[in-house]
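A short write-up of the structure that comes next.
The values are calculated or read from the model by the stated rules, or taken from the named source; none is laboratory data. Note that the coordinates shown come from a computational prediction; the quantities given were computed from them, not determined experimentally. Methodologically, a virtual Cβ is constructed for each residue, glycine included, from the backbone with ideal geometry; neighbour enumeration extends over all protein chains shown. Surface accessibility is based on the protein's heavy atoms, side chains included, excluding ligands, DNA and RNA. Shrake-Rupley method; radii C 1.70, N 1.55, O 1.52, S 1.80 Å.
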Amino acid sequence: MTGDRLTTGTSTGTGTGGPRKADATGSGAGLDARLVVERGSFRLDVTLTAAPGDVVALLGPNGAGKTTALRALAGLVPLSGGHLRLDGKRLDRTPPEARPVGVVFQDYLLFPHLSVLDNVAFGPRCHGVRKAEARAQAAVWLERMGLAAHAAAKPRNLSGGQAQRVALARALATHPRLLLLDEPLAALDARTRLDVRAQLRRHLAGFEAVAVLVTHDPLDAMVLADHLVVIENGRIVQQGSPAHVARHPRTDYIAQLVGLNLYRGRADGHTVRVQDGPSITTSEDLAGDVFVVFPPGAVTLHRERPHSSSARNVWRCEVAGLETHGDQIRADLTGDLPLVADLTTVAAAELDLHPGAVVWATVKAAQTHAYRA
Amino acid sequence: MTPPGEAGTARRPHTGRPRRRTRGGAPLPLLLPALIGLVFLVLPLVALLVRAPWRSMPGLLTSSEVWQALRLSVVCATAATAVSLVLGVPLAWLLARTEFPGRRLVRALVTLPLVLPPVVGGVALLMALGRNGVAGRWLDSWFGITLPFTTTGVVLAEAFVALPFLVITVEGTLRAADPRYEEAATTLGASRFTAFRRVTLPLVAPGIAAGAVLAWARALGEFGATITFAGNFPGRTQTMPLAVYLALQNDPEAAIALSLVLLAVSVAVLAGLRDRWMGAS
């Protein structure tokens, strides 16, 4: 229903982002799921397909239903409808312990009373492997993760990055056909994050089955996944390759995530008339419903209406707010066309920007990008 | 006003723990009842120590009746605790982890023996398991099992009173424990029972131990239900509290000596609980 419409919408709207590199439904290998979960007034309805070797990222704001989708895949939340097939086998009614699924939880949930080695050996033990053999397998996994020295340690003595790798080893030790990662980097501090993200990318690249990760961090999604599924309010609003989604956002949420000004309007040649707003002159020649994006850095601000500017787009704005953004100032502007603009601290001082100040914003047509909605 | 520098030097260095005590004296309307309350609680215990027949103590405590009663008490309380553990931990898990119709009612029923006068519990047990009781009748005619006025009866009476303590304690610990560890275990292939046995049980072990100690202490001091359901037969059903009560009629010195033994056991239990499981407060 909703999922279908959106999937179709995406593939018609884009050339490169829509179709997947493999159609899991046809071959039977990989993941083929339509997850419908109803809880009170909230309804999750997403369609996910992935071939073995794919890394899919579910990206979305808090409360969008990403984690619910993950829990439904793991069997921790029952499906209200839809279906779930993994490598051709139906798993809808299979209890979590019988699913070939491994989960890395957000705060890892390493068993505090077991050593690192026994945490990793837990899965094999539950699958009927003898104690000595399970520990030997666990030792191999720890070796692979570079954690052999910590085998005897208790989880509370591990750093965040080490705990993350133990959780990954524990999930992989059962040889899952579907690996689920819930916000795998959210519990880490910024410095550790960088290292762990790179390591995780390496491990995921070597993983031969389907991996699905949930994140609200676009960078994690871009670096780790080769397919991005954006969920808002329980629905898929956009999907495609990370690069494609980043360059062609279709909702304000994604545009904000990737730091672009996004508008929807009707194109007639090089002119796009924005709904309830002014026109934007673009470099593309299009007709019909389109999106227009431009980065905040492409906006130039002036105190007086510019006459000599070569920019085709000139709008009168009012400063609503200012904040530092890296080594720049990000200005939040209201007016005919609400937009955000980045400028240097020096420029902001020279313009005497303050909330309430009236400014003129210009954007060159060449720095805008228009694409069909 | 004190200059800030001086105030800074006078103040004790922060030790991390926020000060919560009120400075200065407590108001009299609070202080007076508090002190009376304290005296009220402590005085009887002090009196027990003051009036203790210290000289004849060794003789009293080594008499065979005392040892018999003490041994029976410890054996029965331990058995009642074991029964409470076997039945109570699963019951606590059911109450803490599952949702079923009437769960609140079940919880209320489990808690009832906590507030029920133990004598009433004893009468109720007689009505259920007595020779003419609802279930006891069948136990007697089918299996020839008689429970009232036996040592097993003592264990049952004590377990009836002690079980709620264990269930409430363990349920609280289970509720505080993160159920997602069980979920993590199931995603690794553990059945719910395996997850309980290998993950939940070790995680809530301190709570179970605390509940077991509470149940044991309660069973050790049990009087009303025991004397009603199991009677007062030396060597068979006469536990320490019954022996104390009986001794008070004929030999008050012996009663004091027995009471001191029970007091010592209680203090030991409290100390053990505080140090190991409750944490210093």
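Scanning for something in contact with a Leu (Cβ under 9 Å, 6 or more places away or on another chain), open to solvent by 60 Å² or more (accessible area, probe 1.4 Å), closer than 26 Å to A:His216 by Cα and of a type in the set (Ser, Thr, Tyr), does the range A:77-95 turn up at least one residue?
yes
Listed residues A:Asp276, A:Asp327, A:Asp285, A:Asp332; which is without any contact (Cβ under 8 Å) to a residue 40 or more places away in the chain and surrounded by 14 or more Cβ atoms within 10 Å (Cβ to Cβ)?
A:Asp332
Out of curiosity, is B:Ala210 more than 14 Å from chain A (Cβ to nearest Cβ) and aliphatic (A, V, I, L, M)?
Criteria met by B:Ala210.
Can you name the residue in the range B:129-167 that is closer than 26 Å to B:Arg103 by Cβ and either within 14 Å of chain A (Cβ to nearest Cβ) or not in a helix (DSSP H, G or I) (or both) and is also most open to solvent (accessible area, probe 1.4 Å) among such residues?
Here the residue is B:Val134.
I'm told A:Gln164 meets every condition in (1) of a type outside the set (A, V, I, L, M); (2) buried (at least 24 other Cβ atoms within 10 Å of the Cβ); (3) farther than 24 Å from A:Leu35 by Cβ; (4) within 11 Å of chain B (Cβ to nearest Cβ) except one. Can you identify the failing condition by its number?
Checking A:Gln164 against (1) of a type outside the set (A, V, I, L, M); (2) buried (at least 24 other Cβ atoms within 10 Å of the Cβ); (3) farther than 24 Å from A:Leu35 by Cβ; (4) within 11 Å of chain B (Cβ to nearest Cβ), the one that fails is (4).
Among (1) in contact with a Ser or Thr (Cβ under 6 Å, 6 or more places away or on another chain); (2) crowded, with 18+ Cβ neighbours inside 10 Å, which single condition is B:Arg236 missing?
Of the numbered conditions (1) in contact with a Ser or Thr (Cβ under 6 Å, 6 or more places away or on another chain); (2) crowded, with 18+ Cβ neighbours inside 10 Å, the odd one out for B:Arg236 is (2).
Going by the conditions given, is A:Gly297 in a helix (DSSP H, G or I) and in contact with a strand residue (DSSP E or B) (Cβ under 9 Å, 6 or more places away or on another chain)?
Answer is yes for this residue.
Name, by its number, the condition in (1) open to solvent by 20 Å² or more (accessible area, probe 1.4 Å); (2) acidic (Asp, Glu); (3) modelled with pLDDT of 90 or more that does not hold for A:Asp195.
(3)
What's the number of the only condition in (1) within 14 Å of chain B (Cβ to nearest Cβ); (2) over 17 Å from B:Glu182 (Cα atoms) that A:Arg71 fails to meet?
(2)
Does the range A:14-25 include one or more residues that are assigned to a loop (DSSP other than H, G, I, E, B), at pLDDT 85 or above and not small (Gly, Ala, Ser)?
no
Could you list all residues from the range A:86-104 that are in contact (Cβ under 8 Å) with a residue 60 or more places away in the chain and farther than 24 Å from A:Ala121 by Cβ?
A:Leu86, A:Asp87, A:Gly88 - these are the residues of the range A:86-104 that are in contact (Cβ under 8 Å) with a residue 60 or more places away in the chain and farther than 24 Å from A:Ala121 by Cβ.
Has the range A:107-128 got at least one residue that is within 14 Å of chain B (Cβ to nearest Cβ), open to solvent by less than 50 Å² (accessible area, probe 1.4 Å), closer than 30 Å to A:Asp252 by Cα and under 25 Å from the mean Cα position of the chain (by Cα)?
no
Specify which of the listed residues (A:Ala190, A:Ala148, A:Ala136, A:Ala132) is farther than 24 Å from A:Val55 by Cα, more than 13 Å from every other protein chain (Cβ to nearest Cβ) and open to solvent by 60 Å² or more (accessible area, probe 1.4 Å).
It is A:Ala132.
Is it the case, given these coordinates, that B:Val204 is within 20 Å of the chain's Cα centre (by Cα) and over 19 Å from B:Leu163 (Cα atoms)?
no
Is the range B:29-45 home to any residue that is modelled with pLDDT of 90 or more, of a type in the set (A, V, I, L, M) and farther than 30 Å from B:Leu260 by Cα?
Yes.
Exactly one condition in (1) closer than 30 Å to A:Ser159 by Cβ; (2) in a loop (DSSP other than H, G, I, E, B); (3) within 14 Å of chain B (Cβ to nearest Cβ); (4) modelled with pLDDT under 95 is not met by A:Val77; state its number.
(1)
Do we have A:Leu353 as within 28 Å of A:Val245 (Cβ to Cβ), at pLDDT below 90 and in a loop (DSSP other than H, G, I, E, B) here?
Here the answer is no, as A:Leu353 does not meet what is asked.
Out of all the residues in the range B:168-207, which are facing chain A (nearest Cβ under 10 Å), among the acidic types (Asp, Glu) and touching a Leu at 6+ places or on another chain (Cβ under 6 Å)?
Passing the criteria: only B:Glu183.
Quick one: count up the residues across the range B:39-73 that are in a helix (DSSP H, G or I), over 28 Å from B:Thr151 (Cα atoms) and open to solvent by 100 Å² or more (accessible area, probe 1.4 Å).
So the answer is 4.
Assuming A:Leu59 fulfils every condition listed in (1) open to solvent by less than 20 Å² (accessible area, probe 1.4 Å); (2) free of Cβ contacts under 8 Å to residues at least 40 places away in the same chain; (3) away from chain B (no Cβ under 14 Å) apart from one, which condition is it?
Going through the list (1) open to solvent by less than 20 Å² (accessible area, probe 1.4 Å); (2) free of Cβ contacts under 8 Å to residues at least 40 places away in the same chain; (3) away from chain B (no Cβ under 14 Å), A:Leu59 breaks only (2).
So A:Pro155 fits all but one of (1) within 12 Å of another protein chain (Cβ to nearest Cβ); (2) free of Cβ contacts under 8 Å to residues at least 40 places away in the same chain; (3) open to solvent by 10 Å² or more (accessible area, probe 1.4 Å); what number is the exception?
So the condition that A:Pro155 fails would be (2).
Take the residues of the range A:303-324 that are more than 23 Å from A:Thr271 (Cα to Cα) and touching a residue at least 40 places away in the same chain (Cβ under 8 Å): which is least open to solvent (accessible area, probe 1.4 Å)?
The residue in question is A:Val319.
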